[in-house]
Amino acid sequence: MRCILLRPSRFVLLAVAVFLAAVPAVLAQVQPAPAKQQPPKRAKKVWTNDDVENLRSPSDTYLRDKERMAEEARRAKEAEEAARKATAEKGEAPAAPSEYPGAEAEKPAAIPTTLPALEKRFNELLEKIASLERQIAVIEEELLGADEEMRASATDRKAPLEKEMEKAREEFYTVRDRLNALRRRP
């Protein structure tokens, strides 16, 4: 018996030869796949102080402001002590608290008694009130599109202006009433 499996036929040999001859030609025609183009690398971000400020939370800002206010109070107290020591060394009477450096003296303005002085003070108060209203309006515009930190800052700037506005209006009404009373006199 002949073994068919051991002996390849000519047809199979021919097919294998044609296949092996065609493989290099096919491989030459196939172009290598282009390498994936890497997107250009972004430059590393350089952090600035402004960027770091934006990363802070409201509690960080609150603590920083609280520390700053405590430091200012400490400096004011030291300045007050230094002023007391200086006056004590000179043998003078201690100064009133409003005369210490850094202390804000809020003395009420004396209301004039003459008609020209009242008119002058009336006009000054009108200008002051108009200026304060403009400043408050600017701060309120800042509040419209501001983030939390900016709102806190703007609110802190607005409060003293409103307080000053209230005092100016009270004085304005008093001056206005006195002015009207002087003009009515025969």
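Each value in this text was obtained by applying a stated rule to the coordinates, not by laboratory testing. On a predicted model such as this, the values are computed, not experimentally measured, just so you know.
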Which aspartates and glutamates, on any chain, are close to Lys120 with Cα under 18 Å apart, when same-chain ones fewer than 8 places away are left out? Glu170, Glu171, Asp177
Check the straight Cα-Cα distances from Lys85 and name the aspartates and glutamates below 15 Å, setting aside those fewer than 8 residues away within the same chain. Glu99
Residue pairs, from the table Lys66/Lys167; Lys77/Lys163; Lys66/Lys158; Lys77/Lys158; Lys77/Lys128, whose Cα atoms sit over 30 Å apart: Lys77/Lys128
I need the shape label for the stretch 110-186. Rule: rounded when a/c is under 1.5, else prolate if a/b > b/c, else oblate, with a, b, c from the alpha carbon gyration tensor. prolate
